[in-house]
Amino acid sequence: MRFNPSLTARLRIGFLILFALLLAVSLLGIGRLFQIRVDFEDDTSRYFQLELEAERLNSSFILEQAAIRPLTAGAAPDARELSRAADLFEAAADRAGELTGSDAALDRELRRLVRGEREWRETVAAPRLLGRSPPAELERELTARVSDDAEALSVATQGARDAVGENARADTRDTTILVALGLAAALIAALILFSGLINSMRAPLARLVDGARRLAGGDLDTRVQVGGPVEIATLGQAFNEMATALERDARERDRIERMKNDFVLTVSHELRTPVTVVKGFSEMLTAQPRSLNARQLEAAKVIADSATELQKMINDLLDLARSDAGKLRIDPQPTGVRQLVQRVGTHMRPNFEEKGQRLTVSVEKELPEVMADPDRIGQVLSNLLTNANRYAPEGARVRLTAARTGSGQVEFTVADNGPGLEAEELEHVFERFWRAQSGETQAVGGTGLGLAIAKSLIKLHGGSISAASKPGEGASFRLVLPIAKDRPTAQASGNGHGRAAAKAGAS
């Protein structure tokens, strides 16, 4: 029976071999590096202690010299101090002998120092205790020899410590190179192993990748040929099942979306009549204040204001539903910019004066006409000015300007010096039903549909709208429209432009 493991088994075997090789090389390398580190620390500590003992030997010898040479003139040498210093020297020599270990050079230096100190003690110190002075030349020679031997021991110890560091670095470098070579060899072996495995999977996977790209591009009829190893064949079958499910879900989603749009359109249309009636009767009541007492008049005004807000919300929902259904229409025609801007400014000015704000309207001279639906563009500008009026504080300055751009289009700008928006808030400002989460925004109210509708309408005109803001410095909204000569004299939107992605904002 031929042994033919599955792709899963091959991958497991390959990964197991690779893991074993990498683990073995890594463990050997790490173990070696750890041992080098431990040996380096032990040797460094030992040589450092040996340096201290060399210093103690030198200090003890200096104490011995001081014991036989009293500071007071005519005083006898202090045999007790000499004996104590000699004991300290012997103890330091014993400890140093234990630290030299197997280092023959350091052991020779230490033995030479000990022999020199003993010779000095017998030749120089002992006669002085007995009141005899050794030859001065001999005393200087022996004293200098012991001091030089102590210095030589310290230098040799430092050299040995430096050599340990160099050896540790060299061993670390060699071990690292060996580990890197071992890892490279293991990776090359794994590459050879997996390249053979990949070659057996390339063709069916290429078909799956191509099918996935076509499916991601919106071709829900995409299916792939099932073949190859059992795992790839299973994957291809699962892909086809997924594509079938996506196609079914897309049809169901479209059906539900159509039902939702029809429902919103129907309900909005049905609500407009009773809301209009309520608004009309409430306004009629508020127009006759003498026939009502104060409480009734206040209630009638509340009803009228609420009906107005509800009517605006219904109109916004109708516009969004028409936009989603591709039924939102405009009637573009050559429109004078100055007349349009001044009409909107005149209509909105009382709202700003009521709040103590200053509205400035500025139109560049000799602006060409734009190809636009004046009512819809007026709706967009009124919405932007309403937002500025609502969110800017009392005494704020709001500007409505129109000017020609360098590309031959007309740019409308609504800017204020209100609280402004954070950078992350600007990313969502045109999304439907989105509103900033600050306390001021929540207090103002609104549905979050106005900017979404504005974006849909501007796209229908073939223009663009954008927002810019810095916290504490206000916000500015810019919409750009083509001039009349750049577009045909009539257009009705219900085509692909009508399905603009209106994305929500404050209303």
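The values are calculated or read from the model by the stated rules, or taken from the named source; none is laboratory data. Remember, predicted model here, so these are calculated numbers, not experimental data. So basically every Cβ, Gly included, is an ideal-geometry build from the backbone, and we count neighbours across all protein chains shown.
May I ask you to verify whether Thr143 is farther than 30 Å from Arg111 by Cβ and either touching a strand residue (DSSP E or B) at 6+ places or on another chain (Cβ under 7 Å) or among the polar types (S, T, N, Q) (or both)? Talk me through it step by step, then tell me what you get.
Details: farther than 30 Å from Arg111 by Cβ: no; either touching a strand residue (DSSP E or B) at 6+ places or on another chain (Cβ under 7 Å) or among the polar types (S, T, N, Q) (or both): yes.
So Thr143 does not fit the description; no.
Would it be correct to say that Arg248 is of a type in the set (D, E, K, R) and at pLDDT 80 or above? Steps first, please.
On the way: of a type in the set (D, E, K, R): yes; at pLDDT 80 or above: yes.
So Arg248 passes the test.
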Exception for Gly159 within (1) without any contact (Cβ under 8 Å) to a residue 24 or more places away in the chain; (2) of a type in the set (Gly, Ala, Ser); (3) under 23 Å from Pro77 (Cβ atoms) falls at (3)
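State whether the residues of the stretch 71-79 include one that is at pLDDT 85 or above, part of a helix (DSSP H, G or I) and either closer than 21 Å to Val179 by Cα or in the same structural domain as Glu151 (by TED's automatic domain parsing) (or both). Working first, answer last.
Taking the stretch 71-79 first, the residues at pLDDT 85 or above are none.
Checked the stretch 71-79: no residue is at pLDDT 85 or above, part of a helix (DSSP H, G or I) and either closer than 21 Å to Val179 by Cα or in the same structural domain as Glu151 (by TED's automatic domain parsing) (or both).
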In the stretch 387-406, anything surrounded by fewer than 18 Cβ atoms within 10 Å (Cβ to Cβ), hydroxyl-bearing (Ser, Thr, Tyr) and under 37 Å from the mean Cα position of the chain (by Cα) is listed as Thr405
Looking across the stretch 328-354 at residues that are buried (at least 16 other Cβ atoms within 10 Å of the Cβ) and in a loop (DSSP other than H, G, I, E, B), the single one that is modelled with the highest pLDDT is Gly336
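Just one of Leu191, Leu187, Leu183 is surrounded by 14 or more Cβ atoms within 10 Å (Cβ to Cβ), of a type outside the set (Phe, Trp, Tyr) and in a helix (DSSP H, G or I); which is it?
Leu183
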Of Val209, Val224, the only residue that is β-branched (Val, Ile, Thr), surrounded by fewer than 14 Cβ atoms within 10 Å (Cβ to Cβ) and at pLDDT 85 or above is Val209
Check: Taking Asp149, is it at pLDDT 85 or above, surrounded by 15 or more Cβ atoms within 10 Å (Cβ to Cβ), on the phi < 0 side of the Ramachandran plot and of a type in the set (Asp, Glu)?
Finding: yes
